[in-house]
Structure formats: structure tokens, C-alpha cells
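All remarks here apply to the structure that follows.
Any read-out appearing in this document is the output of simple, stated calculations on the displayed coordinates, not a laboratory observation. From a predicted model like this one, the values you see are computed outputs, not experimental measurements. In this analysis, Cβ positions are derived from the backbone assuming ideal geometry, glycine residues included, and neighbour counts consider all displayed protein chains.
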Amino acid sequence: MGLLTVGHGSDDRVALGTRLTAAGIDLLVDVRRFPGSRANPDVRREALAGWLPEAGIGYRWEERLGGRRRLARDEPVADGWWTVAQFAAYAGHTRTPEFAAALDEVLAAAAGATVAVLCSEYVWWRCHRRLIADVAVLGRGVAVGHLMPDGRVAAHRPADGARPGDDGLVHWPAPRVDQVTWSTRTPAGGQPMEG
């Protein structure tokens, strides 16, 4: 069946519930490391665990897939394609046994039901759901779609820097200098820069 991802954004229980129901979601797996919200009480862990089952949707919090990871202070960055430190840190987390076990459990559930992983960002490309999707597609061969705020499902396109490794894991190495393409910049005078 594949896997879906969804971001709750500012949706209240009615808006989010409508999107999830319209998409046929059977189980929502919360992948926020800290599943709370000061601004939106409807998406707090306790609230979701209460109102989602009333709407016929199962709920599970999966801390092992949670974002907000940090790079170790003196550890070299193995996933240099990411320019945001938290994404680079999460990329490393995707290669841990903890992450692998949690993702395998979610994908096993998705084999027999319509499952979505939830985080707060409306759009997947600004969220660690992007990396979860990269690993599902490239590392596990599972199709992933992103449930957009307007209800459309966008097929996941792995990050340009994502590479399946010989170890069976996904890596996002820094591009080699000879692979970097530089765009021509136009300064204030309107003429392209030379050289």
C-alpha cells in the first residue's frame, strides 16, 4: 500500500480529521519527538490519542522516528549534502538500529492498512518526514506520498543528494567540488558576473 506523510500545520481537529478521513487513513503515526503544541491544543499527543479513534483512525506516537536530533560536538558531518544541521543530524539517525526497527514496524503496518506519519510542518520538504521518505523509497523500496494541505497526494521524489549505500543504508554525502553547479549571479547593475 505504501506510506503517506502529513503535516498538521495550523489545522484544528476538524480540518486535520477531514484531510485524514478523505485520504482513507487507518493509522496515524506521530513522528514528532516532542508531540505537543502550545498554539494548537488539538494536535497535542493526548488530544490526538482521544479524538482520532473517535474518527475511526488509530493513533500511535513513535519517538524513535522523532526529529530534532543534534550532531555530536566533535563528530565529522557524514551527510554533508544537508546544509541544515538538524537535517544532517537526522540523516545520521536514519542509520541507527533504533530508527530501522521503528521504520520497519511502521512499514509492516502500512502493508495492510493506510498509514501516515505526522509531523508539524505542512510541507514535507521542510520536515524530517523528507528523510523518512527517502529511506522508505531508496532503502526499503516502498512508495511514499505526501498528503498536502489541499488534500492532494504528491509522490515522493528523493532528495538529489540521497544515495543508497553498499551497506543497504541511505547516505546524503557532500557533493564533490566537480559535481557542484554554480549559477550565474546578476549583480545590482544587471550584467552577469564574469568568471
Under a Cβ-only charge scheme (Lys and Arg +1, Asp and Glu -1), can you give me the dipole magnitude of the chain about the Cα centre, in debye to the nearest 20?
320
Percent of beta bridges antiparallel (DSSP, the stretch 3-176, rounded to nearest 5)
25
How high is the relative contact order of the stretch 1-106? Use alpha-carbon pairs under 8 Å, at least six apart in sequence, and give a whole percent.
23
Once phi is turned into ³J(HN,Hα) by the Karplus curve 6.51 cos²θ - 1.76 cosθ + 1.60 with θ = phi - 60°, what whole-Hz value does each residue of the stretch 105-115 show in order, with x for glycine and proline?
5, 5, 5, 5, 5, 5, 5, x, 8, 8, 10
Could you pull out every residue, at least 5 positions away or on a different chain, whose amide H is within less than 5 Å of the one on TYR59? Hs are placed 1.01 Å off N in the peptide plane, and Pro or chain starts have none.
LEU28
Treating the angle as unsigned and between 0 and 90°, give the value, to the nearest 10°, between the Cα long axis of helix 13-22 and the longest Cα principal axis of the chain.
80
Could you tell me the relative contact order of the chain? Use alpha-carbon pairs under 8 Å, at least six residues apart, and round to a whole percent.
29
What number, in percent, do you get for the relative contact order of the stretch 59-102 if the mean sequence gap of Cα pairs under 8 Å and at least 6 apart is divided by its residue count?
42
Starting from the Cα-Cα distance between ALA155 and THR21, subtract it from 0.36 nm times their residue separation and give me the gain in nm to one decimal.
46.3 nm
Out of ASN40, THR5, VAL123, whose Cα points farthest toward the positive end of the dipole of the chain (charges: +1 Lys, Arg; -1 Asp, Glu; placed on Cβ)?
ASN40
What is the P(r) of the stretch 117-181, as percent of Cα-Cα pairs per 5 Å bin from 0?
4, 16, 24, 21, 16, 11, 6, 2, 0
Computed [θ] at 222 nm, helices only, for the chain once each DSSP H run of length n ≥ 4 contributes -39500 (n - 2.57)
-7500 deg cm²/dmol
Taking the dipole about the Cα centre of the stretch 3-176, with the C-beta of Lys and Arg at +1 and of Asp and Glu at -1, give me whichever of VAL153, PRO175, LEU103 is farthest to the positive side.
PRO175
State the Cα centre-to-centre distance between the stretch 1-62 and the stretch 66-139 in whole Å.
18
Sorting HIS128, HIS146, HIS93 on the 10 Å Cβ count, fewest up front, what's the list?
HIS93, HIS146, HIS128
List the residues, sorted by chain then number, that are 5 or more residues from ARG33 or on another chain and whose placed amide H is less than 5 Å from its amide H.
GLY67
